[in-house]
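Visitor: Below is the structure I would like to discuss, written out as structure tokens.
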Amino acid sequence: MTEAETTTEAKRLAALRSADYVRDGMLVGLGSGSTAELAIAELGRRVASGLRFQGVPSSNRTRDLATGLGIPLVDLDRIDRVDLVIDGADEVDPRFSLIKGHGGALVREKLLAEAASRVVIVVDQTKLVETLGRSPVPVEILPFGWRQTLRRITAVGVTAAPRMIAGALFVSDNGNYVADCRLGEFRDSLTWHERLKRITGVVETGIFVDLVDVLIVGTDRDVTVRENPARGGAGRASVTDPYPA
């Protein structure tokens, strides 16, 4: 296999395992990104085979994908809680902290995660890092006064640049802009999240802390399932089914 083929297979295996967490009658948050989309595709196949649940999409792209697959959807505003969220991540550290939002859906993804009884994160092994910060941290900001907001972000010691797509400012599903912020490697995830979040004009950061219950990591051969001990999990890595008999 080429490196790209290995990564794709790892994502596919992890996505397949994540679908095993969905049961009839659940309200399931549907994440965004390439690995989450593989999980959604598998859930679409299971819906066609008789699985019954309602999805809560985290982005317009996810909504369109799920609708095309015949997955019934409900808006987050119409429900109180979500039973389960299945989503991906751009980086995961050993403390289950994440960087998310390279696809631009970080605000809705975090809203879903905070509304969920259980959050399952699905990644391939290339997303595992010892320390967050290998890639930029996305920060969603208001369009009004965005240049001033960017200056306030850089004033706390961050290199920040507005995200551009085809020469134009990227606009999120919420109508906001995204600043890609390079912090360097960092372990104090909560401190950096709070430091950025308190800046006027910042809507949300792509640093996710204490929100993950289960981490599913795929390789080209198998998957590892790790539960977060800080949220009641055993903390062990296993290749067992999520609901053992």
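Visitor: Sticking to Cα atoms, compute the Rg of the range 66-119 to one decimal and its Dmax as the biggest Cα-Cα distance, whole number, in Å.
Guide: 12.6, 36
Visitor: Over every pair of different alpha-carbon atoms in the range 161-234, take the mean of 1/r and invert it; report that Kirkwood radius in Å.
Guide: Computed over Cα pairs of the range 161-234, the Kirkwood hydrodynamic radius comes out at 15.4 Å.
Visitor: Quick one: compute the contact order of the range 146-231, relative version, from alpha carbon pairs under 8 angstrom and 6+ residues apart, as a percent.
Guide: Computed over the range 146-231, the figure is 20 percent.
Visitor: On to the next question. Of the chain, which part is the longest with no trypsin sites (Lys or Arg not before Pro) in a loop (DSSP not H, G, I, E, B) and with at most 12 other C-beta atoms within 10 angstrom?
Guide: With trypsin sites (Lys or Arg not before Pro) excluded where exposed in loops, the chain gives 82-197 as its longest stretch.
Visitor: For the chain, set up a Gaussian network in which alpha carbons nearer than 10 Å are linked by springs, and say which option among 140, 204, 194 fluctuates the most.
Guide: Looking only at 140, 204, 194, the largest GNM fluctuation is found for 194.
Visitor: Could you tell me which helices of the chain pass both thresholds, a Cα extent of 20 Å or more along their own axis and a mean Kyte-Doolittle hydropathy of at least -0.5, with helices taken as whole DSSP H runs?
Guide: 34-48
Visitor: I need the P(r) histogram for the chain: all alpha carbon pairs, bin width 10 Å from 0 out to the longest distance, whole percents.
Guide: 8, 32, 36, 20, 4, 0
Visitor: Diagonalise the Cα gyration tensor of the range 12-80 and give the resulting equivalent ellipsoid semi-axes, square root of 5 times each eigenvalue, largest first, whole Å.
Guide: 16, 14, 11
Visitor: Would you count, across the chain, every pair of lysines whose alpha carbons are under 14 angstrom apart, provided the pair is eight or more residues apart or spans two chains?
Guide: Working: 11/127; 100/110; 100/127; 110/197.
Summing the qualifying lysine pairs gives 4.
Visitor: Additional query: With an 8 Å cut-off on Cα pairs and a minimum separation of 6 or more residues, tell me the relative contact order of the range 31-73 in percent.
Guide: Normalised by residue count, the contact order of the range 31-73 is 47 percent.
Visitor: Among 133, 156, 26, which residue has its Cα positioned farthest towards the positive end of the charge dipole of the chain, with +1 placed on the Cβ of Lys and Arg, -1 on the Cβ of Asp and Glu, and the dipole taken about the Cα centre?
Guide: The residue sitting most towards the positive pole is 156.
Visitor: Okay, moving on. P(r) tail for the range 137-203, what percent of Cα pairs lie past 18 Å?
Guide: 31 percent
Values in this text are rule-based calculations from the coordinates and carry no lab data. Everything quoted here is computed from the prediction, not taken from an experiment. Cβ coordinates were reconstructed from backbone atoms using ideal geometry, including for glycine residues, and neighbour counts include every protein chain displayed.
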